[in-house]
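The values are calculated or read from the model by the stated rules, or taken from the named source; none is laboratory data. Please read all numbers here as calculations on a predicted model, not as lab measurements. Cβ coordinates were reconstructed from backbone atoms using ideal geometry, including for glycine residues, and neighbour counts include every protein chain displayed. Remember, those area values only see protein heavy atoms, side chains included, never the ligands or the DNA or RNA. Shrake-Rupley method; radii C 1.70, N 1.55, O 1.52, S 1.80 Å.
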Amino acid sequence: MSSIAEALASAIGADRVASDADALNARRYDQWAVKHLRDWRGEAVPAPGWVVRPQSVEDVQKVVHLAAEKRIPLIPFGLGSGVCGGIEPTPDAILLDMSAMNRVRYIDSDDLLASFDAGLGGMEAEEAVAAHGLTIGHWPQSIAISSVGGWVATRASGQFSTAYGNIEDIIHSIEAVLPNGELVTLGKAVRAAMHEICASAGLETGDPMAAKQWIEKRNHVPSWRDMFERGYVADTVEISGRWSEIGAIYDDSIAALNQIPGVINASAHSSHVYRSGINLYFSFAATFEDSAKMEPAYFAGWRAIMEATAKHGGGVAHHHGAGRLRKPYLHHDLGESGVALLRRVKQALDPEGIMNPGNLIPDA
């Protein structure tokens, strides 16, 4: 094991590699409620074998090359805001902590383009363009604790997606390191202005103070552990659907949630609206005196929503990404042939299976 640490140190510098207990324990999980619950209950939550913090694209390539050569699982980690089970390190894995890659590369006010390192915090990126009188237009709930690279990796959506689109509509191009260490750049043209569309539809501008007050207070919420200590387990689950199916998804999901023992709240609202449909953002909470009942209720809640969504033809995800929570349900969105194609793409790009194994591809 020490030979791996030495090889990593030789590749990117000893100060970029951590294998001490404190550093490893700090990267055992992200914001997924289940991992916090298990840790709070005193259960063992595995840590990665090594944590590396690259400072450049070249550093990333060197780490990926080494992982591929030695067939070591490699787990990307942004700022740890994920809630779908995307981070589950094991002692034989390298955790690629992107937080040191946090540069604003450039801001071009003429072409309305900006370039950022993947590990840059979302709010830092927004503040950088705001200094030029601009906005990225991407405002996820987690903007203060998520990274630009994390937005792209999870195909994220923001609170203003109705105006600006999801992250894939905002991106001009992506620089990525493939599992074999090769660097690629993938380009994409930008989105139509929404102000003209809204004006042509007779819509009026809303009171900006409403949005300002909401942005200032929207993250004033208790931590997972605060809720556990009070006997509660809860989560939010976002899905999407066409107008014709969203009502049935809502009704069946709420009914199924209310059948779960311990559930005291089941509700949903829509935060993103599109021409052909909308999303639903479900919330559920359950309370127990016996903490051992929390995790089964948590997974029962997710299962209720996923099954109701799939039954009525909705999309089992919207903007949080897939992770381990959703991978058993991807065949409802992609079809069995689509899942088979995803496996073939994964095999072609990552033949050694080192990139965050077990996170996305449904179990065979």
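Estimated purely from DSSP H runs of n ≥ 4, each contributing -39500 (n - 2.57), the mean residue ellipticity at 222 nm for the chain is -11000 deg cm²/dmol once divided by its residues.
Write down the accessible area per residue of segment 205-356 in Å², having rolled a 1.4 Å probe over the full set of protein chains.
53 Å²
Normalised per residue, the accessible area of segment 23-131 is 42 Å², obtained with a 1.4 Å probe and no contribution from ligands, DNA or RNA.
Accessible surface of the chain, 1.4 Å probe: 54 percent of it comes from carbon and sulfur atoms. Of the trypsin sites (Lys or Arg not before Pro) found in segment 221-272, the ones in coil according to DSSP and having at most 14 other Cβ atoms within 10 Å of their Cβ are ARG230. The fraction of Cα-Cα pairs per 10 angstrom bin, counted from 0 for segment 58-166, comes to 14, 40, 30, 13, 2 percent, rounded to whole percents.
Simple point charges give the picture: +1 on the Cβ of Lys and Arg, -1 on the Cβ of Asp and Glu, and for the chain a dipole about the Cα centre of about 560 debye.
For the chain, excluding the exposed loop sites themselves (GluC sites (Glu not before Pro), DSSP loop, at most 12 other Cβ atoms within 10 Å), the longest remaining stretch covers 44-181. Taken along its principal axes, the alpha carbon cloud of segment 219-355 reaches lengths of 48, 40, 29 Å, longest axis first.
For the chain, the normalised intensity computed at q = 0.08, 0.11 Å⁻¹ comes to -0.43, -0.85 (log10 of I(q)/I(0), Debye sum over alpha carbons, equal scatterers, no solvent). The lysines within cross-link reach of LYS35, meaning a Cα-to-Cα straight distance under 21 Å and a gap of 8 or more places when in the same chain, are LYS293, LYS327. Once you reduce segment 75-145 and segment 215-231 to the center of their Cα atoms, the two points are 23 Å from each other.
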